[in-house]
Amino acid sequence: MLSARSAGVPTRAGHTDIRRNNQELVLRHLWAAGSASRAGIAASAGLTRATVSRLVGSLIELGLVEEAGVATGGGQGRPGTELRLAGRHVLAVGAEVNVDYLTLLVVDLANRQVHHWQRPFDAHRAGAEASLAALAQACSSWLDSLPERPAAERVPFVAGLGVAVPGLVDERRGMVGRAPNLGWHDVPVAELLTAELGDRVGPVTVGNEANRAALAEYRVGSHAGTEHLVYVTGDVGIGGGLIVQGRPLLGARGYGGEVGHMLLDPAGPLCGCGRRGCWEAFVGLEALLAEVAEPSAGPGAGESSEERIARVVRRAEQGDATVLSALDRLAEYVGTGCANIAALFDPDVIVLGGYFSAVARWIMAPARTALAARLLASPTPGTGELAVSDLGFAAAARGAATHIVDRVISDPHVLLGTRGR
Ligand SMILES: [Zn+2]
């Protein structure tokens, strides 16, 4: 489970904890601002300049912060040296197992992408163990490609592997309880990957794919920093990730946010979960493909969701009437489901990801109209907005990596136990 600290302002007490919390404040400030002087950080974090100088000194030693040149002075005193996040040697591995693809996405401390690998994969037919073995293989190949000690650089430090899976995830135990679209039950994902990779990747964490994508959206997406944000995945499965007051809302067991299985019509079409009339059965990728008579994107398709939806987009661009009317119907159901979400959470923004981005130009306007028509509260500027993600199908893997970065930022001293790769 995401610790509360990782997402918000730290609150622990005690000397070591205060120091760690203050280091996190400095890192978060640089993360958000891009660059800042010691004086600037001190002013915004409410710390003395001497404290900030000490903290920055140890962060520079760890290679997490670097000096970026002298700031042009604002007229008050001498200009300060600008600082920015460094940490190119700190590598966070994000991964996603989805119905028809595997993704690996590696970022450094400042969230710069350093590696991206994706391939079509039938995780349903392969089963959990073979799917995770394939993922471990991809991870091993990347680890093998890392230089031992690049000239004038630090030894690469792999801070962890975060895995995103579309299903019910017990984060504390690193287990997937149930993933209907993968056909997985009670899979000890962290244990299996650790058995394959040993300590080469550091700790393995597991999270629901929509929750991780929401974290990516909150940290690095076009609505980064929005305190009340809901992310909706658009794939074969429809999932939801909730950020409430700047923190992930996971529920009592971590199973919250399964918006794809909100019931819209008990007599509706069959859903991947075995019930009828869930939101997913109306707006999931399968539903759209079936309606426009494209082959299934599900198990055995051998083609990624991205490729499937690209064909639908081409047909829409050519004015295909079947596709255009299917997109109209889709928009209506997207707006309806989002109205249910808005009624529960009153978010500032609902971000639609995955395949919804590809068809945004046809569905967003009618979906907004459908949403507005079903809202109880009158819309006010800046709230209840419906937006499109620009993180694409890699959002969940990016969020899984971001989750690992958050752990380093929360406790930079994990680096001191320096395990190389
Ligand atoms: Zn369902």
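The values are calculated or read from the model by the stated rules, or taken from the named source; none is laboratory data. Bear in mind the structure is a predicted one, so any value in this text is a computation, not a measurement. Positions of Cβ are backbone-derived with ideal geometry, glycine not excepted, and every protein chain shown enters the neighbour counts. Please note that ligands, DNA and RNA were not included when accessible areas were found on the heavy atoms of the full protein model with its side chains. Shrake-Rupley method; radii C 1.70, N 1.55, O 1.52, S 1.80 Å.
Data overview
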quantity: Extreme residue, farthest from Leu415 (Cα to Cα), among residues of segment 159-203 that are touching a residue at least 40 places away in the same chain (Cβ under 8 Å) and among the acidic types (Asp, Glu); calculated: Asp170
quantity: Unique residue being assigned to a loop (DSSP other than H, G, I, E, B), open to solvent by less than 50 Å² (accessible area, probe 1.4 Å) and modelled with pLDDT of 85 or more when the list is Gly63, Gly40, Gly57; calculated: Gly63
quantity: Residue list for segment 169-200, filter: open to solvent by 50 Å² or more (accessible area, probe 1.4 Å) and in a strand (DSSP E or B); calculated: Arg178, His185, Asp186
quantity: Sole residue being assigned by TED's automatic domain parsing to the domain that holds Thr383, within 16 Å of the ligand (Cβ to nearest atom) and open to solvent by 40 Å² or more (accessible area, probe 1.4 Å), chosen from Asp265, Asp328; calculated: Asp265
quantity: Residue in segment 211-232 that is outside the structural domain of Gly174 (by TED's automatic domain parsing), part of a loop (DSSP other than H, G, I, E, B) and within 16 Å of the ligand (Cβ to nearest atom) present; calculated: no
quantity: Selection count, segment 113-129, where residues are open to solvent by 50 Å² or more (accessible area, probe 1.4 Å), without any contact (Cβ under 8 Å) to a residue 60 or more places away in the chain and assigned to a helix (DSSP H, G or I); calculated: 0
quantity: Complete set of residues in segment 138-158 that are open to solvent by 70 Å² or more (accessible area, probe 1.4 Å) and in contact (Cβ under 8 Å) with a residue 40 or more places away in the chain; calculated: Glu153, Arg154
quantity: Only one of Ile309, Ile341, Ile350 that is β-branched (Val, Ile, Thr) and not in a helix (DSSP H, G or I); calculated: Ile350
quantity: Count - residues of segment 272-297 that are open to solvent by 10 Å² or more (accessible area, probe 1.4 Å) and either aromatic (Phe, Trp, Tyr) or within 10 Å of the ligand (Cβ to nearest atom) (or both); calculated: 8
